[in-house]
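Here the structure is laid out as structure tokens; the discussion comes afterwards.
Bear in mind these aren't lab numbers, they're just calculated from the coordinates by the rules spelled out. Because the structure is a prediction, the values reported are computed rather than measured. All Cβ positions, even for glycine, are placed from backbone atoms using ideal geometry, and neighbour counts span all protein chains on display.
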Amino acid sequence: MPKIYAQEAYHQVEGFYNLSGFETASGIYLLDDQTFYYFASFGAVDFKVSGHYTLQKQGALRLQPHKASMQEFYVYGFESKVHRDSLVVKYIKPINSSIENLRISHNKTVFPKFTPEKHTVSVTIEIPDTGLLTIDYQKDNQMSRDFSIHLIPNVNELWIIHNYYAEMTRQLSKTLFTVEKDVLIDEKQKAHQRQLIDQKTRNKIKGFMEKQNQKIIRKNNQTIYRLNVD
């Protein structure tokens, strides 16, 4: 669609859409800069994700969550002064017990088993010269998979955290919505009325998204980096 028309179309869909249903609180904020913020809460689940969205022909609307939120793992790293010449890789026990087994790919070092008392396991290896660390894992007893961590200079301690919401995020990215005037229609053909938002709300949502996707965190005088994962 022409650029001017596209800008107007995104402005016309900006707002909050309450998607809540039986025992589920959920909704989506669409901003006119083509970003979105989606949340859903049910039971112990507290799902929040952001990214960009696109408007297509016949009012079709698709969400494009940030790539990192669809990855199976998040990896954080920082500089430790305790072990300067080695790389310590720690793994926090995941909620999903079927994804507990990890292994360093290049030297076949297996992470220790979790126990009722031990919720974090670790291995210590030499820092790869390639700047890339590949880790094998199994999920739901399926064939071995792997992911690669892009290391950065001076970072010699990594924390791996399983992304419990990865599959939900990938499913959300496949969901097709439709926009008709001031209504958002979901895949079940249920209509959700647009609610206008003010600048204060817009800024608040922007703040949520920035915090959720920040790559550098400073905590207790320590700089923590969220590393890129493929």
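Adding -39500 (n - 2.57) for every DSSP H run of four residues or longer, then dividing by how many residues the chain holds, sets the calculated 222 nm ellipticity at -4500 deg cm²/dmol. In the chain, a dipole from Cβ-located charges (positive for Lys and Arg, negative for Asp and Glu) runs towards its positive end, and of Q142, Q195, F114 it is Q195 whose Cα lies farthest in that direction. Under a model in which nothing but the beta-carbon of Lys, Arg (+1) and Asp, Glu (-1) is charged, the chain shows a dipole of about 260 debye around its Cα centre. Please give me the summed charge of the neighbours of E167: other residues whose Cβ is under 14 Å from its Cβ, Lys and Arg +1, Asp and Glu -1. That sum, taken over residues with Cβ under 14 Å, equals +2.
Take D46, D186 and order them by how many other Cβ atoms sit within 10 Å, fewest up front.
Lowest to highest Cβ neighbour count: D46, D186.
For the stretch 1-159, lysine pairs with C-alpha atoms less than 27 angstrom apart, excluding pairs fewer than eight positions apart on the same chain, total 27.
The packing ranking of peptides 203-209, 60-66, highest mean first, is 60-66, 203-209, where packing means the average number of other beta carbon atoms within 10 angstrom of each residue.
The aspartates and glutamates whose alpha-carbon is closer than 14 Å to the alpha-carbon of K174, local same-chain residues fewer than 8 away aside, are D186, E187. Quick check: net charge around K215, other residues with Cβ under 15 Å of its Cβ, Lys/Arg +1 and Asp/Glu -1? Residues close to K215 contribute a combined charge of +4. Which of rounded, prolate, oblate describes the stretch 1-82, given a ≥ b ≥ c as roots of the alpha-carbon gyration tensor eigenvalues and a/c under 1.5 marking rounded, otherwise prolate only if a/b is larger than b/c? Here the stretch 1-82 falls in the oblate category.
In whole Å, what three semi-axes, largest first, describe the equivalent ellipsoid of the chain built from its Cα gyration tensor (square root of 5 times each eigenvalue)? Don't jump to the answer; show the numbers that get you there.
On the way: eigenvalues 302, 78, 53 Å².
Working from the Cα gyration tensor, I get semi-axes of 39, 20, 16 Å.
Beta bridges per DSSP, both residues in the chain: antiparallel share near 95 percent. Positive end of the dipole of the chain (Cβ unit charges, origin at the Cα centre): among H66, G43, I205, the Cα lying farthest that way belongs to I205.
With the Cα gyration tensor of the stretch 150-211 giving a ≥ b ≥ c as the square roots of its eigenvalues, does the rule (a/c under 1.5 for rounded; else a/b larger than b/c for prolate; else oblate) give rounded, prolate or oblate? Note, shape of the stretch 150-211 comes out oblate. For the listed peptides 163-174, 211-222, a ranking on the average number of other beta carbons within 10 Å per residue, highest first, reads 163-174, 211-222.
Classify the stretch 71-147 from the C-alpha gyration tensor, please: rounded if a/c falls under 1.5, else prolate or oblate depending on whether a/b exceeds b/c.
Details: a/c = 1.95, a/b = 1.35, b/c = 1.44.
Verdict is oblate for the stretch 71-147.
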